[in-house]
Amino acid sequence: MEAGHLPVIHVRKKEGNDQEFHVTGGTGLASTRLMVEGPLVKKRSSFLVSARSSFTNFSFFNFNDELSFRESRASFHDANAKFNFRINKRNTIYFSGYFGNDRNRIGEDDLRSWGNNTATFRWTNQITPKLFMYTTSVFGDYSYKTGKPNKGIGEFIGTASNISYSVKSDFTYFKSPNNSFDFGGGLTLHRIHPGDREPNPGNETFNAISLDSEHALEPYFYFGNEQMISDRINFNFGIRLSQFLNIGAGDVFVYQQGELKERKTIVDTISYRSRDVIKRYKGIEPRIAINYRLSPNSSLKLSYDRAIQYLHLISNTISPSPTDVWKLSGTHVSPQTGNQIALGYLKHFKGGIELSVEVFGKKMQDIIDYKDGADLLLNKTIETELLSGDGRAYGMELLISKKSNKMSGWLAYNLSRSERRILGASASESINGGKYYSNDFDRPHDLSLVGIFSLNQRWGFSANFIYRTGRPITFPDGKYEFENSVVPNFAGRNQDRISDYHRLDLSATYYGKSETKKGKERKVEDYWTFSLYNVYSRRNAFSYFFRQSQGGLPETEIVKYSILGTIIPAVTYNFRF
């Protein structure tokens, strides 16, 4: 919710070909992909199956001065499947599924594995020539596993998952070519398992821990209308009514009134049975947008929307991690809300050039952050480690693009700030003295420059340059000794930044001939891609590690943690038949 101006991205899987069979794929030095599509019953049903995989674990960490991390590896694989069945002219059903998994090993044996599994059923029904219905049922499962399975004493395996089941019906009514209505509703069941810790055999250091799962129901209804009021004005408005019911089974701790939430201030525990409503929230989310056409080639757009978020992602790691904690709104955690307004200008010029500029501002309430020194993983009283406050985001987005047969490309630049302010129950709990500070999504400058050049029918070239401000990070400003241990001291949250990120990529594409030597059309379409990733070997910092000086001095060293911190050449062969 906080990453500045929220874009809305609608991703829909490709439909299988219901006329003929095709095989598409590509293979390179690091990975391979394959897609097969075709009709089950010609012109009535189709299928599409695809998969991608790295050939083997490949090294992707760059620790020039840290031997223990040079064995770090990463791998990935995923698979997609989709089946379409056209029952008649008005009814079509779809089945689709996705499976993906990523693994990495930091050092010799610190393993992390995470991935998503989804399954979808969709029914499209044309009720009348003007009324359409889309009914969808979706299952989603995100889970991760972390630990050191090759070690016995003192190690464990940790797991967690975030599962959802949802069903919805969406209706579209076309009253006229210039006036349409959207309405519908749905229900989502959330099931979050915060985590388990299972010690390895022979481990006497840790006990097994299993946190209770969290459950919630989220029903919603919505209505919207889009219409052309005149030749110049397009008006779009809507409203979404939602509820959130945090349900049992589960235990809720009661804290002493007027005292800070700490384990020592717990005065009671309320136990709820399965399906009991623990906490209920409801909200109204309106939206409105007006597009005014200034001329045949330019327009202005003004929009406002309000969003409510009932699911929270909490992290206090020094680097982004797939093991961050998910938390449902409940007795001690309120939903986050955001109100955003945006003003945009669009202009089309001769020669295929387009200019888009948009400014936006956003205010957020009940933003969640953690206390200094918080312990979030496998914590049964995680609310004692959390604080809430407000946030703000504002900025400008610029896009200049050009399309032509020979030369295309674009320049995208984002100038923005994203900040939050957390006021605790006492001055000692307030973060950074209760002042606004940069959150993890704050990137004042974000620039992308892309150029695509077509030399002829056989050769194409492209270049891609990326620059963005380094994300905020908290560095220690000192250290002290406590019980013979060195403890870092942190003066403020997110007062520093990792180094700025920038990278240049180049690629060339060579297309195969479309005809044989005898002038017949080739049955195989193929091309080669030659690419250079990170041309000037920029060691962009993903994060930093701190360690005692290796030179025997009582100082702390900062070790840069880089991913793909060198130039990477690649050759890929792509085909379709």
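The values are calculated or read from the model by the stated rules, or taken from the named source; none is laboratory data. Computed from a prediction, not measured in an experiment: that's the story for all the values here. Backbone-built Cβ (ideal geometry, glycine too); neighbour counts: all protein chains shown. When the accessible area is computed, the model is the full protein with side chains, heavy atoms only, and any ligands, DNA or RNA have been set aside. Shrake-Rupley method; radii C 1.70, N 1.55, O 1.52, S 1.80 Å.
Here are the numbers for this structure:
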item: Computed E for LEU532/TRP410 - FRET, C-beta separation, R0 22 angstrom, nearest 0.05; result: 0.60
item: Convex hull volume of the chain per residue (C-alpha atoms, cubic angstrom); result: 207 Å³
item: LEU241 versus LYS89: modelled label distance in nm, points set 7 Å from Cα along the beta carbon direction; result: 3.7 nm
item: Alpha carbon convex hull of segment 292-396, volume per residue in cubic angstrom; result: 138 Å³
item: Out-of-range pairs (alpha-carbon distance over 24 Å; input LYS82/LYS513; LYS327/LYS560; LYS371/LYS479; LYS261/LYS363; LYS264/LYS479); result: LYS82/LYS513; LYS327/LYS560; LYS261/LYS363; LYS264/LYS479
item: For segment 175-303, projected area of the alpha-carbon convex hull averaged over all directions, nm²; result: 15.6 nm²
item: Additional length obtainable on full extension of the chain from LYS14 to LEU506, 0.36 nm per residue less Cα span; result: 174.3 nm
item: Label-point gap, in nm, between ASN116 and LEU302 - each point 7 angstrom along Cα→Cβ; result: 3.6 nm
item: Estimated FRET transfer efficiency when R0 is 30 angstrom, pair LYS402-ASP170 (beta carbons, to 0.05); result: 0.25
item: Share of Cα-Cα pairs in segment 314-456 lying beyond 24 Å, as whole percent; result: 49 percent
item: Intensity falloff of segment 335-408 expressed as log10 I(q)/I(0), Debye formula with alpha-carbon point scatterers, at q = 0.15, 0.16, 0.22 Å⁻¹; result: -0.69, -0.73, -0.96
item: Segment GLU429-GLU198, length gained on full extension (0.36 nm per residue, minus Cα span); result: 79.8 nm
item: Extension gain from TYR134 to VAL41, taking 0.36 nm per residue of separation minus the Cα-Cα distance; result: 31.2 nm
item: Alpha carbon convex hull of segment 451-526, projected area averaged over orientations, nm²; result: 10.2 nm²
item: Solvent-accessible area, 1.4 Å probe, carbon plus sulfur percent, for the chain; result: 56 percent
item: Heavy-atom surface of the chain, accessible at 1.4 Å and reported per residue (Å²); result: 56 Å²
item: Debye intensity ratio I(q)/I(0), log10, segment 383-519, q values 0.10, 0.14, 0.18 Å⁻¹ (C-alpha model); result: -0.59, -0.83, -1.08
item: Estimated D of segment 208-281 in µm² per second, where Rh is the Kirkwood radius over Cα pairs and Stokes-Einstein applies at 4 °C, 1.567 mPa s; result: 79 µm²/s
item: Hits among lysines - C-alpha to C-alpha of LYS175 under 26 Å, sequence gap 8 or more where chains match; result: LYS89, LYS130, LYS301
